[in-house]
Amino acid sequence: MSSAPTEAPAQQATHSPAQRPLQGVERMIGAIALAAGTFMTILDTSVTNVSIPTISGDLGVSPTQGTWIITSYSVAIAISLPLTGWLTTRFGQVRLFLASVVLFTLTSLLCGMANSLEAMVAFRVIQGLVAGPMVPLSQSLLMSTFPRERAGFALALWSMTALVAPVIGPLLGGAISEYATWPWIFYLNVPVGIMVAVLTWTIYRERESPTRKVPVDIVGIVLLALWVGALQIMLDKGKELDWFASGEIVALACVAAASFAVFLAWELIDNPHPVVDLSLFALRNFWTGTVAQSMGYALFFGSMVAMPLWLQTVMGYTPIWAGIAMAPVGLLSILIAPILGRSVHVRDPRPTVTVAFLIYAGVSFARAGFDIEADLWTIVLPTIIQGTAAVMFFMPLTALLLSGIEPERIPSAAGLSNFVRYTAGAFGASMSITLWDERSALHRAHLVEHVTAQGPASGAAMDTLRSLGFSAEQALALLERGVDTQAKMMGIADLFWISGVLFLCLAVLVWIARRPVRAAMSTGSTGTAGPASQGVD
């Protein structure tokens with residue numbers, strides 16, 4: 001076992017008086033406030049999903065037009081996430097986080113009061129733009145709140161909120177739409193936002209990070225907004241517009257590709273003040289951890305989108321019961337995260353991540369064996385087990401990808417890794433539904449061919465249905481429905497088989513990273529990783 005070169009200059013990490021870890025009740029209150037800020041931000045990425053028909057009807061638009069309520073927020077948050085590092089350098093972590101919380105709360109109120117689609121989309125864009133920095137900054141501030149030996153617990157707390165919120169979102173949105181009125185989806189953010197803002201100002205106002213004026217990279221910001229916006233809209237609207245059969249999707253793909261290429265050239269070639277610190281990808285642990293975490297999250301989030309649709313369209317579940325079936329994914333995460341957090345900053349995270357991906361693969365293969373007779377417990381059990389894997393891959397990979405990065409670069413690294421993860425999640429959701437549809441269509445064609453070839457068999461089925469009192473048209477409709485159901489069942493089985501294989505590949509990928517030593521996995525002044533990063537091969 002040989003020593004590998006360091007990824008950052010070794011130096012003694014120190015805390016200024018303003019950045020010393022908090023103590024006692026103050027630490028607990030600060031952690032709750034930051035976790036609540038993260039929770040409501042991520043919750044809003046999915047809470048409106050099941051409520052779009054209701055909101056669209058009240059605003060007088062079609063459900064298809066109403067999807068812009070989701071898309072506008074997704075595009076805006078994706079654009080603002082990578083800007084976190086630059087904004088933090090210019091304004092400071094605490095001021096930026098506090099401003100984001102206040103504006104997020106205000107726009108949530110305005111979203112609930114919107115009486116037209118245009119107003120709603122405008123407020124959602126602003127809401128997304130101010131929400132982007134809240135996720136990585138809550139992570140960074142939370143890590144500076146705890147001492148080094150408690151860094152794992154802080155990371156566990158943050159990971160739980162980041163993983164559980166997208167799952168609870170559809171359940172909460174469906175319950176509000178069914179038992180209250182849709183504006184309360186947004187109004188609930190107001191008291192939470194006020195609490196977070198007050199507590200953040202009270203506890204963190206004297207803990208501001210150093211700032212300096214840096215030139216504004218206008219060209220970089222415009223190029224970033226252009227390619228991220230085009231890519232996100234393409235992913236959100238691809239299935240609806242039949243992907244590359246649509247000229248609009250082709251145009252968006254061309255814009256995204258061209259502007260991304262120019263963006264890379266602009267940021268990497270003779271740019272002393274890039275808007276995004278792409279040099280972070282030169283660090284082995286950062287790029288390996290980011291890729292593994294993003295791909296794992298894409299597969300995880302894709303299943304979280306596909307499963308409720310399968311439960312409702314194939315298994316006959318109502319939206320509420322579909323949400324109940326998916327909600328237990330967070331149960332074991334909540335129980336295991338504090339235990340895992342005690343050791344994540346001193347142990348090699350790679351074996352833990354490998355076990356997590358193997359569990360994910362097993363859950364995916366188990367789901368591939370579902371049939372239309374599966375009862376609720378059969379469906380819920382793998383979901384509960386999945387919660388174990390969720391926290392076991394997300395938290396250690398976050399520690400791994402931030403290991404060896406200087407404290408002052410943590411906001412940039414957290415923002416960039418969260419951006420890649422978020423974009424991968426959107427890609428995973430779109431690709432999961434598209435792949436399911438394509439595989440279902442293929443299986444349906446094969447089943448129809450089989451039924452047609454087995455004329456007597458299909459005739460016997462028709463005769464049986466006719467003998468039960470169904471007309472010829474009703475019998476044919478029931479037969480077609482049975483074929484469609486089986487095709488969708490076989491299609492989602494294919495989706496989970498593919499997910500299982502990809503999780504096995506990720507279990508191998510993580511070993512490209514170096515093993516951080518204990519010093520590299522403790523916290524610096526503003527983040528998860530201290531400045532020293534000695535790895536061993």
message: Once neighbouring chains are kept in place and the probe is 1.4 Å, which whole percent of the accessible area of the range 275-325 is contributed by carbon and sulfur?
response: 71
message: With the cut-off at 1.5 for a/c, could you classify the range 107-227 from its C-alpha gyration tensor as rounded, prolate or oblate?
response: oblate
Shape category assigned to the range 200-341 from the gyration tensor of Cα positions, a/c cut at 1.5: oblate
field: Residues Val219 and Ala282, FRET efficiency given R0 of 22 Å [Cβ-Cβ distance, rounded to 0.05]
entry: 0.45
- request: In whole angstrom, note down how far apart the Cα centers of the range 477-502 and the range 398-442 are.
  value: 27
- request: Order the following by accessible area, largest value first: Tyr179, Tyr422, Tyr73. Probe radius 1.4 Å; ligands, DNA and RNA are ignored.
  value: Tyr179, Tyr422, Tyr73
- line: With every protein chain kept in place and a 1.4 Å probe, the range 272-364 has an accessible area per residue in Å² of 36
message: Below 18 Å, Cα to Cα, which lysines can Lys213 reach? Residues fewer than 8 away in the same chain don't count.
response: none
- prompt: When the accessible area of the range 42-113 is computed with all protein chains present and a 1.4 Å probe, what percentage of it is carbon and sulfur?
  reply: 69
field: Segment Phe244-Asp484, extension gain: residue separation times 0.36 nm, minus the distance between their alpha carbons
entry: 83.9 nm
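The values are calculated or read from the model by the stated rules, or taken from the named source; none is laboratory data. As the structure is a computational prediction, the values presented were derived from the model and not from experiment. Here Cβ is always computed from backbone atoms with ideal geometry, including for glycine, and neighbour counts include all displayed protein chains. Heads up: the accessible areas ignore ligands, DNA and RNA and are worked out on the full protein's heavy atoms, side chains in. Shrake-Rupley method; radii C 1.70, N 1.55, O 1.52, S 1.80 Å.
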